[in-house]
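These notes are about the structure you will find just below.
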Amino acid sequence: MNGGEGLTRAPKVQIGIPVQRPTSWWLEILKRRAERMYDEKLDLSKPVEFSSDEERKACIAFFNAAYRAEESGLSGAHKLAAEVREWDPELAECLVLYGNEEGWHRELLEEFLHHIGGGVTPMGWMVRSFYRTYSKAERMESVMLTNLMFETIGATTYRLSLRGVKQPLARQVLKILTRDESFHIPLNVHFIREILKRHPERSRLRLKLIYHVVFRSLIFMSYGSRKVAAGFDHMTARDLTTAYVENLGRLFAQEQDLDFRPPRYILRAFGVTEEKLAEEGPGAISVEAAEKAARREHVEVREL
Ligand SMILES: [Fe+2]
Ligand SMILES: [Fe+2]
């Protein structure tokens, strides 16, 4: 149903760049990205040097958290693809290809973890209960919005950690993940919009509730992660949490049709104003951001 749709234009947009694209556009890009995805390899020719065993363990904890996020992205996307196929096969195909990209990230992380003498470790109680709740989400809108918020904090964490992480191989992994998540964020917004078209009111109310619950949980989890990962990424709880509040808050600041507003008291607590969130420039979820991130070879990853 989406393939032949025209482009929808809205006032808050730069000239020539549409606010939304049809599913066929996303599918074509995803197919192109899939063609050469597996050709990109990690440079495992040298061992990764750590200043201490504590740093190595913190690195293993850091990338295990990333591994779990990739794993849940992959399974969520493929589960939804099966459900969506009935009413929109093109959208289902997008979900499959998107899930495959997360699957590829998961493989890279596994490879990296083994290379540094680690591996996939069992999750801590907080992370486990969070993912357990997430995996019980049946409705498409719940899965997609949670996923989008995961992608956002993932990209934020990776970009911030690039400030302090020096090991070339760890930086290569962080850059690959950041680069691809910057495309996944607007892609997930497309998925959400398509679901909203199908169930406008039911979905919108549910999404607002999820947005608020997940927002608070992720802020809480960022504090938990400091205990195990700070020895590697060198980020303070305050810096990381403020970046989460800003980036999760900014997510929908320029997409007025979605109308999700972050909790004001949390913004205040971290010194983030609504004006700052609405600053000019393309938002992370905009089609402009997707166009910039679509061709992997053209993306320049910068630390936050
Ligand atoms: Fe990913
Ligand atoms: Fe992703």
Quiz item: Once the convex hull of the C-alpha atoms of region 166-212 is built, how many Å³ does it hold per residue, rounded to a whole number?
Solution: 72 Å³
Quiz item: What residues have an amide H closer than 5 Å to that of residue 162, excluding those fewer than 5 places away on the same chain, when H is modeled at 1.01 Å from N in the peptide plane?
Solution: 304
Practice problem: Step through the residues of region 182-199 one at a time and calculate ³J(HN,Hα) from phi using the Karplus curve (6.51 cos²θ - 1.76 cosθ + 1.60, θ = phi - 60°), rounding each to whole Hz and writing x for Gly and Pro. | Solution: 5, 8, 5, 4, x, 4, 5, 5, 4, 4, 4, 4, 5, 5, 4, 5, 7, 10
Practice problem: Rounded to the nearest Å, what's the spacing between the alpha carbon centres of region 161-232 and region 26-101? Just the number, please. | Solution: 13 Å
Quiz prompt | residue 121-residue 82 pseudo-label distance in nm [points 7 Å out on the Cα-to-Cβ vector] | solution = 3.2 nm
Quiz item: What list of ³J(HN,Hα) values in whole Hz, one per residue of region 56-67 in order, does the Karplus curve 6.51 cos²θ - 1.76 cosθ + 1.60 (θ = phi - 60°) give from phi, with Gly and Pro shown as x?
Solution: 4, 5, 5, 5, 4, 5, 4, 7, 5, 4, 5, 4
Practice problem: Go through 78-84, 293-299, 155-161, 145-151 and give me the packing order, highest mean Cβ count within 10 Å leading. | Solution: 145-151, 155-161, 78-84, 293-299
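Counting Lys +1, Arg +1, Asp -1, Glu -1, what net charge surrounds residue 269 among other residues with beta carbon under 15 Å of its beta carbon? Mind dumping the intermediate values first?
Details: positive: 216, 238, 264, 268, 276; negative: 239, 246, 274.
Net charge in that neighbourhood comes out at +2.
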Quiz prompt | Set of lysines near residue 197 by C-alpha distance (under 19 Å), chain-local residues within fewer than 8 positions excluded | solution = 208
Self-check item: Under Karplus coefficients 6.51, -1.76 and 1.60, residue-wise ³J(HN,Hα) of region 260-265 in Hz, glycine/proline x
Solution: 10, 10, x, x, 4, 5
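A short reminder: the numbers here are calculations on the coordinates, not readings from a lab. In this text the structure is predicted, and so the values were computed from the model without any measurement. So basically every Cβ, Gly included, is an ideal-geometry build from the backbone, and we count neighbours across all protein chains shown.
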